[in-house]
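Student: Can you read through this structure? Questions will come right after.
The values are calculated or read from the model by the stated rules, or taken from the named source; none is laboratory data. Just so we're clear, the structure is a prediction, and the values are computed from it rather than from any experiment. Note: ideal-geometry Cβ built from the backbone for every residue, glycine included; neighbour counts use all protein chains shown. Each accessible area value is taken on the protein alone, full model and side chains, heavy atoms only, with ligands, DNA and RNA left out. Shrake-Rupley method; radii C 1.70, N 1.55, O 1.52, S 1.80 Å.
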Amino acid sequence: EKGDIAKGAKIFQTKCATCHNAEKGGGNGQGPNLWGIVNRKAGSVANFQYTAANKNSGLICSKFLSFHVYVHGPENVSNFFPQKKIIGFTWDKKTLNTYLTNPKKMIPGTKMVFAGLKTKEERRDLIAFLDSRKD
Ligand code: HEM
């Protein structure tokens with residue numbers, strides 16, 4: 001099913017807009033600008049100071065790896081997993097859905113203070129809105 005962009009815009013206004021701007025060229029708030037976030041590489045807003053956790057969050061795709069990132073830090077994880085390079089992943093509808101369910105579970109160490117969106121309908125509508133914020 002498709003998300004409702006208008007409903008998603010309202011959710012964004014009430015739950016995200018205190019920290020995030022989703023306008024083109026709109027700059028950062030407490031969190032990075034989210035214009036074009038769908039299909040954008042994680043941690044890639046050049047003038048935003050991310051935590052290492054968010055910036056290097058390619059590693060969090062595996063729960064096992066995320067535990068090591070949490071305990072040892074992203075700089076040291078290649079000691080344990082020499083085959084793994086620290087590379088970012090790309091935000092898409094699926095990774096955003098996982099993230100927005102429980103941000104700290106997906107990215108331990110993120111400085112984003114947000115408990116998550118509990119219902120899948122809310123997440124679906126919000127992600128439909130985010131997907132509309134692009135050229
Ligand atoms: C990071 C989405 C609510 C503060 C992020 C990222 C996404 C996101 C996708 C990663 C961006 C990237 O990798 O470029 C959302 C959505 C929200 C929400 C959709 C509402 C449902 C909030 C709130 C705050 C906040 C309420 C502030 C209280 C931050 C911060 C970061 C961040 C500080 C950077 C995290 C870090 O560097 O560790 N957000 N966010 N966000 N967000 Fe949010």
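Student: Label-point separation (nm) for T119 and N47, each offset 7 Å from Cα along Cα-to-Cβ?
Tutor: Here the answer is 3.8 nm between the modelled labels.
Student: Could you rank the peptides 123-131, 21-29, 5-13 by their average count of other C-beta atoms within 10 Å per residue, with the highest value first? Numbers along the way, then the final one.
Tutor: Values: 123-131: 22.2, 21-29: 13.4, 5-13: 16.1.
Packing proxy ranking, top to bottom: 123-131, 5-13, 21-29.
Student: With each label point set 7 Å from Cα along the Cα-Cβ vector, what nm distance links Q30 and T18?
Tutor: Distance between the two pseudo-spin positions: 0.6 nm.
Student: Per residue, how much accessible surface does region 93-135 expose to a 1.4 Å probe? Answer in Å², no decimals. Present the calculation step by step, with values, prior to reporting the outcome.
Tutor: Values: 2360 Å² over 43 residues.
Per-residue accessible area for region 93-135 comes out at 55 Å².
Student: Ok, one more. Along the Cα→Cβ direction, 7 angstrom out, place labels at D92 and K104. What is the inter-label distance in nm?
Tutor: About 2.9 nm, to one decimal.
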